[in-house]
1. How charged is the neighbourhood of N483? Take every other residue with its Cβ under 11 Å from the Cβ of N483, and add Lys/Arg as +1 and Asp/Glu as -1.
2. Could you list the square roots of 5 times each eigenvalue of the Cα gyration tensor of the chain, that is, the equivalent ellipsoid semi-axes, sorted largest first and rounded to whole Å?
3. For region 462-526, report the accessible area per residue in Å² (1.4 Å probe, heavy atoms, rounded to an integer).
4. Grab the other residues whose beta carbon is less than 13 angstrom from that of D456, score K and R as +1, D and E as -1, and report the net.
5. Report in % the part of the accessible area of the chain that belongs to carbon and sulfur, leaving out ligands and nucleic acids; probe 1.4 Å.
6. With the crude spin-label approximation of a point 7 Å out along Cα→Cβ, what separation in nm comes out for S156 versus W520?
7. Mind checking which aspartates and glutamates have their Cα closer than 14 Å to the Cα of K434? Skip sequence neighbours fewer than 8 apart in that chain.
8. Distance from the Cα centre of region 248-278 to that of region 330-385, in angstrom?
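The values are calculated or read from the model by the stated rules, or taken from the named source; none is laboratory data. Computed from a predicted structure; not experimentally measured. Don't worry about glycine lacking a Cβ; one is built from the backbone with ideal geometry, like all the others, and counts go over all protein chains shown. Just the protein is used for accessible areas: all its heavy atoms, side chains included, with ligands, DNA and RNA removed. Shrake-Rupley method; radii C 1.70, N 1.55, O 1.52, S 1.80 Å.
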Amino acid sequence: MKEFKNIQTGQKNLTDYEQAYATFQWADVEAELKLNTQAGFNLAYEAVDRQAVGRRKNKPAFRFLDGEKTESLTYHELKRLTNRFANVLKDKGIDKGERIALFLPAVKEFYIAFLGAIKLGAIVVPLSPALMPDAITEMLSDSEASLIVTTTALMSRIVIEQLPALHTLLVIENEDAGGPVSEFAARESDVALSYEWAMTGAKETFKALDVSPEDPMMLLYTSGSTGRPKGVIHVHGGITHYYQTGKWVLDLHEQDIYWCTSEPSWVPGISYGIWAPLLHGVTSVIYTRQFLPEQWYGILANQHVTVWYTTPTALRRLMNFGPDNPMGRFNLSGLRHILTVGEPLNPMVIRWSSMAFGLKVYDTWWMTETGGQILCNFRCLPIKPGSMGRPIPGVYVSILDDQGRELPALEVGQLAIRAGWPAMMRGIWKDTEKFRRYFRMPSWYLTGDLAYRDADGYFWFQGRVDDMIKKAGERLGPFEVENKLIEHPAVLEVGVIGKPDPLWGEIIKAFIVLRPGNVWSVQLESELKEFVEQRLGRHFVPQEIEIRHSLPRTKSGKIMRRVLKAMELGLPFGDLSTMDD
Ligand code: WTA
């Protein structure tokens, strides 16, 4: 308890930002972690086996909460179980570099399979359990995953006929299930096995494969504004970034109880839901059941959470909970550090948090492609509410004009990062052209975000250069929604935008031209929404649909989403010279 007091009274891991920024080098972290990058190492081994000794051996690595019961896994148990899983894969003939998909909620099996597969040198493809067949098929076929771990409840969404590379399903037979594994209609060449059964038969010892820092460990699908979701490649070498930001930004200490609310199919749920906390040997709480304010407050209080990484939308939802706000009933005095990611953090939320929790909120900016935090608010620096903060030491960030020249303070341009930081994506799966486009200005990674820097070196978010949608922090491609709606027989044309919303950040709005002979009705509206929900998933469903006679297009026929958005918001249309009459 005495040690706990220490962290309460605030020994910060980073006390002098300016000095760290001036002197820090990534090689310092390699030395601190005693990594032999020449001989090779394994990220999952470093995160699990290296921790499972001494006083951390019997310390919980994870506490899984499902709203009713709690199940802990110690570092040592995690080591044994991930070894078992690596052996299961080995027995199935899985090799280094093969893709293993995890179509699972945030259950303990996700974490075991994720870490076990990476020990073997496989590349993990996390897939959100909210995704429906069309979305899943696209990612499974693009990644050519040969094995998938899923549950009996989710299994029916896997369209196996369209997945020639897939040969093994490991199925967790949960109670809320759609039937036993034996009923699964696999092709004759496929194997559907019970996960539990396979794990029981597997050995508990495994020698993790040493790989190069440049070897991939994960393929994470994310949306852009055009085209299909892209598989962003991340490597074992991200380790120094995950570790150092866990130390300086999350400010993790040995005794912390840490809660990252992101599910593990979104990058924060991996970099800061798995790697950073494990590399620091802390205990993480995992809960990604449905959001209920009562439950959330209950977790913070009952689990004695000290460090909490969440999203602005989640805080706004708690803030808006209203007169029945149950916060007063919970003792939240253990909390010492709150951070957010994924979308702009409005100053009002920081004010509310200061009153409600007695703590400010520290915003962090980064992307699936950056792999780790880039712009952050640090505990040792003043917060400027509304700002994303300053670059982490070891990374240089700037604002560029269209020619790639660095802009002075207070001028808005594209946010860019000097290429080559440890957690940076190393490629887009099977799409080198897309990957190159991010680096089209020599030596810079272009983020697609618009921002400016103030005289004190703080960065301020101003929007996107493209039409990417951010709903509750979640990244959604308008193209994916449009592409699905256009498949419906009643739809002739469609354009989709993100419409600003005070609670969700943005909501999805679709503008539709109906095919002749169709009449707009409440019934057709719900039919269209269901059409999207059943094929792509709940998150892609437009909250608003507006029927139009025509949509603004360029002369070459492309829907002009920016004009739709300007119309919606009553803003000037900007340059219309490319628009068709
Ligand atoms: C946006 C996974 C404002 C931004 C972490 C970025 C933010 C995109 C912030 C990446 C923030 C992220 N303030 N905007 N603090 N953090 N964004 O890959 O537009 O799902 O380019 O992020 O989210 O989305 P992704």
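1. Numbers: positive: R228, K484, R535; negative: D134, E138, E480, E482, E487.
Counting the neighbours of N483, the net charge comes to -2.
2. Working: eigenvalues 248, 197, 120 Å².
Rounded to whole Å, the semi-axes are 35, 31, 24.
3. Details: 2660 Å² over 65 residues.
Accessible surface, normalised per residue, equals 41 Å².
4. Net charge in that neighbourhood comes out at +1.
5. Details: 12160 of 24080 Å².
C and S atoms contribute 51 percent here.
6. Each label point lies 7 Å from its Cα, and together they span 3.5 nm.
7. Counting by Cα, and skipping residues close in sequence, K434 has these aspartates and glutamates nearby: E369.
8. 14 Å
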